[in-house]
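*Asks:* Dumping the structure here so I can ask a few things about it.
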Amino acid sequence: MKLIIAEKPSLAANISNSIGQMKRKDGYYEGQDYIVTWVFGHLFSLCDIEKYTGTPEDGRWTLNNLPCFPEKFMFELKKGKNKETDPGVKKQFDTISRLCSREDVDTIVNAGDADREGEIIIRLCVENALKSSKSLKRLWLPDQTTETILEGLGDMKDETEYDNLADEGFARTYIDWLYGVNLTRYATLKTGTLMRVGRVIVPIVKAIYDRDMAIKNFVKDIYYALVSKTDIDGVELELTSKHKFDKNDLDRAQRSCNVLNANPGIVTEVKKKKDTLSPGKLYSLSKLQNVLGKKYKMSMDESLKIVQELYEKGYVTYPRTNSEYLATAEQGKIKEIIGLVAKMGYPVEFKNKKTIFDDSKIESHSALTPTRKIPGKEALNEKETIVYKTILRRFVAVFCSEECVTHKTEITIDASGKEQYTVKGMVISEPGWTKYDDYSKKDKILPPLNKGDEVKLNFVPTEKETSPPKHYTIETLNNYLKNPFREEKANIETEDDAEEYKAMFEGLELGTEATRTGIIGNAQKSRYIELKKDVYYILPDGIKLIESVERMHISMDKYKTANLGKALKQVFRGEITVNDSVELAKKEISDVFVKHQYSEAEDLDDGFMGDVIGKCPLCDGEIRRTSFGYGCSMYRDNNCRFSVNNVICGRVIPKSAVEKLISLGKTQKLKGFVSPKSGKSFDAYLKLEEGRTIFDFND
Ligand SMILES: [Zn+2]
């Protein structure tokens, strides 16, 4: 008897239906040769700091147990809201334990989702439930159709073949815990506001923060471009000179125009070329999310939820994939799907091309495609239909038997030998696959010119503005996170993608296809960023997070995060151990705590929430470190308003300065204030005058 443990109840139901003739029991299905049970995602989570350090578990955080680097990480059954073990989780785990120890069960099958997270979800469960040794197998499912499930059951590998994947999963879990728990507690204690610090969330929020600040601080500049517009048989020909002129140089710009306009331009060359336009590649998750965001304003959360549902119903392949390619081993299956899609009335045929099938561009999952299960007319709701059709149409475009034929035209015009202009245009003459899927090329229409034709030139100085950077959209943020070390380009679809896959497989990306949606969702829920239509904006709490993290010298930039990502990939390839990667993370975190002590010497330490600084100069109260700076404890009782911000003109006001201010009326000289108006830095004392804190520039 084989015991299959599925990652979700819906998968367990699909497996049991595929096997057939199984009876539903309490918490599992049972048949002739198989028992199928399930978990609900993670049943286990890592223990809290208190468990390792023996500090009281009263929910209060303290600096005394930070940083915490457990010698051995421990897992416990997941807790509910009341900090007690979740009863539903406990019951299901007991069921699994009982099934694992049944004498007739000789093999236990890991049917977690086909990724590192799914791998360790079931492993943790089996490790904790299994008391004796049994044969361990892995059921790896690229989709949830009956055919694929039955094929998968007939071709199960030993669980040990997935040890590296599990190691990567555990390493990621440990590292994220070390970062998240230690630094979240530290930053929260320091600022008095809950700060969600994490390995991936901080660089994501920082990217949006940096962009929005660049837009806010952008000063636009006006310049003159030289533009000529000529009407030729009702079609406008627009030419732009290479030369640009400063806004104070209108006269020179006009003189240049006069020189260019003196003689007509001559058409020196007309190139016409028949060409074909290739469709886009099959979708990875983020490329699909980009399209759904841009076209239908669907958030990443929403599109993932819908595509996940389509997967659970068996209509599409495993969605959390980073590849836009298919495996050569899948060609037989794809031929069957093409047959089914053809029956729906689409002109499709099998093609064996490197732009479709490329094993070197697949890590563990291939691109999203329809499956052998085609939904009936009424099977999908409106949104599911949009997502399914988007995936299906791309599949049709890629395997379309009709080519998209275009005519490209390139016209070169010479202006008296002084400048040459080349204009390009394209006309689609046979639509082919573009009937089914979008294409991104602009087809500019050109006038019918021939070699030797004269074109009247009408150059005029035209005022242009330098434009600020653009806010991140779902698409541009995704592209950035996939490869944060490449400069942003408008259209990466048409470029060679070798670099992108190399970066991804090396672990340089921020987050992964499987985790990014959730982390961005958390940043939105925490009110660090917001999404309006398909555009991301930083929120005040996000600004506070980034500025606080920087002030505390917590360096969580893309370089650090990518370094850890690289280490995780090395674990996956078996080049380093889980422990090696954990040590790397520990070192980074230790640096933060060491730097904290260093910064005290540097006169930048503004203490922790609740620190008592001294007596209030206005009343009997105590001055304490608060969430915004330093304030009087008699704020409520006595309505005392005495307070000092902990950051003034871009400079941290250290505890030691406030001590002097309230006892002596004047601080030591503080260096490095920055004037918000001029941006210039200056040094000054702070002194008390009639209960207010003011700058004093007298030595
Ligand atoms: Zn007071």
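*Asks:* Accessible area per residue of region 537-696 at 1.4 Å probe, in Å²?
*Replies:* That works out to 52 Å² for each residue.
*Asks:* Calculate the length of the line joining the C-alpha centroid of region 622-699 to that of region 263-280, in whole Å.
*Replies:* The two parts, judged by their Cα centres, are 68 Å apart.
*Asks:* Assigning unit charges at the beta carbon (Lys, Arg +1; Asp, Glu -1) and nothing else, what dipole magnitude in debye, to the nearest 20, does region 281-368 show about its Cα centre?
*Replies:* Approximately 320 debye in magnitude.
*Asks:* I've got another one for you. Accessible surface of Cys619 in the full protein assembly, 1.4 angstrom probe, to the nearest 10 Å²?
*Replies:* Result for Cys619: roughly 30 Å² accessible.
*Asks:* In region 611-640, which trypsin sites (Lys or Arg not before Pro) fall in coil by DSSP and have 11 or fewer other Cβ atoms within 10 Å?
*Replies:* Arg636
*Asks:* Using per-residue counts of other Cβ atoms within 10 Å, averaged over each peptide, order 305-314, 88-97 from highest down.
*Replies:* Put in order of decreasing packing, that is 305-314, 88-97.
*Asks:* Say the dipole of the chain comes from +1 at the beta carbon of Lys and Arg and -1 at that of Asp and Glu; which of Met195, Phe69, Asn478 then lies farthest toward its positive end?
*Replies:* Of the listed residues, the answer is Met195.
*Asks:* What is the gain in length, in nm to one decimal, between Asp33 and Glu349 on full extension, counting 0.36 nm per residue of separation less the C-alpha to C-alpha distance?
*Replies:* Full extension of this stretch gives 109.8 nm more.
*Asks:* When the helix-only estimate is applied to the chain (DSSP H runs of n ≥ 4, each -39,500 (n - 2.57), divided by the residue count), what is the mean residue ellipticity at 222 nm, nearest 500 deg cm²/dmol?
*Replies:* -11500 deg cm²/dmol
*Asks:* Let me ask you something else. I want to make sure I understand the PRE zone here: with the label point 7 angstrom from the Cα of Lys272 toward its beta carbon, which residues in region 448-464 have backbone N atoms less than 15 Å away?
*Replies:* 448-453
*Asks:* Here's another thing I want to ask about it. Among 673-682, 472-481, what's the highest-first ranking by average C-beta atoms within 10 angstrom per residue?
*Replies:* Descending mean neighbour count gives 472-481, 673-682.
*Asks:* Find the accessible area per residue for region 308-357; the probe is 1.4 Å, ligands and nucleic acids are left out, and the unit is Å².
*Replies:* For region 308-357, the per-residue accessible area is 42 Å².
*Asks:* Full extension from Lys23 to Ser132: what is 0.36 nm times the residue separation minus their Cα-Cα distance, to one decimal in nm?
*Replies:* 36.6 nm
*Asks:* What area, in nm² and to one decimal, does the C-alpha convex hull of the chain cast on average over all directions?
*Replies:* Average projection, Cα convex hull of the chain: 40.7 nm².
*Asks:* Rolling a 1.4 angstrom probe over the protein heavy atoms, how many square angstrom per residue are accessible across region 1-77?
*Replies:* 52 Å²
*Asks:* Ordered by packing density, taken as the mean number of other Cβ atoms within 10 Å over each peptide's residues, highest first, how do 538-545, 9-16 rank?
*Replies:* Going from most to least packed, we get 9-16, 538-545.
*Asks:* Given the whole protein assembly as supplied and a 1.4 Å probe, what does the accessible area of Lys25 come to in Å², nearest 10?
*Replies:* 80 Å²
*Asks:* Take the solvent-accessible surface of the protein heavy atoms, probe 1.4 Å, and return the percent of it on region 566-699 that carbon and sulfur atoms account for.
*Replies:* Within region 566-699, the accessible surface is 48 percent carbon and sulfur.
*Asks:* Which length gain, in nm to one decimal place, applies between Asp158 and Asp104 when the Cα-Cα distance is subtracted from 0.36 nm times their residue separation?
*Replies:* That pair, Asp158 and Asp104, stretches by 17.5 nm at full extension.
*Asks:* Mind giving me the FRET efficiency for Glu547 and Ala214? R0 is 22 Å, r the Cβ-Cβ distance, nearest 0.05 is fine.
*Replies:* So the FRET efficiency works out to roughly 0.90.
*Asks:* Right, here's the next one. How compact and how long is region 29-152, expressed as Rg and Dmax of its alpha-carbon atoms in Å?
*Replies:* According to the Cα coordinates of region 29-152, Rg and Dmax are 17.7, 57 Å.
*Asks:* Give, rounded to the nearest 20 debye, the magnitude of the charge dipole that region 179-260 has about its Cα centre when Lys and Arg contribute +1 at Cβ and Asp and Glu contribute -1 at Cβ.
*Replies:* It comes to approximately 900 debye.
*Asks:* If R0 is 45 Å, what FRET efficiency do you get for Ser429 and Ala379 from their C-beta distance, rounded to 0.05?
*Replies:* 0.75
*Asks:* Report Rg/Rh for region 129-261, rounded to two decimals, where Rg is the Cα radius of gyration and Rh the Kirkwood radius.
*Replies:* Result for region 129-261 is an Rg/Rh of 1.37.
*Asks:* To the nearest 10 Å², what's Leu508's accessible area with a 1.4 Å probe?
*Replies:* Its heavy atoms expose roughly 40 Å² to the probe.
*Asks:* Let me ask something else about it. I need the calculated FRET efficiency for the pair Lys502 and Met74, taking r as the beta carbon distance and R₀ as 22 Å, to the nearest 0.05.
*Replies:* Between Lys502 and Met74 the formula returns 0.05.
*Asks:* Give the average over all directions of the projected area of the C-alpha convex hull of region 192-340, one decimal, in nm².
*Replies:* 19.7 nm²
The values are calculated or read from the model by the stated rules, or taken from the named source; none is laboratory data. Just so it is clear, the model here is predicted, and its values are computed rather than measured. Positions of Cβ are backbone-derived with ideal geometry, glycine not excepted, and every protein chain shown enters the neighbour counts. For accessibility, only protein heavy atoms count, side chains too; no ligands or nucleic acids. Shrake-Rupley method; radii C 1.70, N 1.55, O 1.52, S 1.80 Å.
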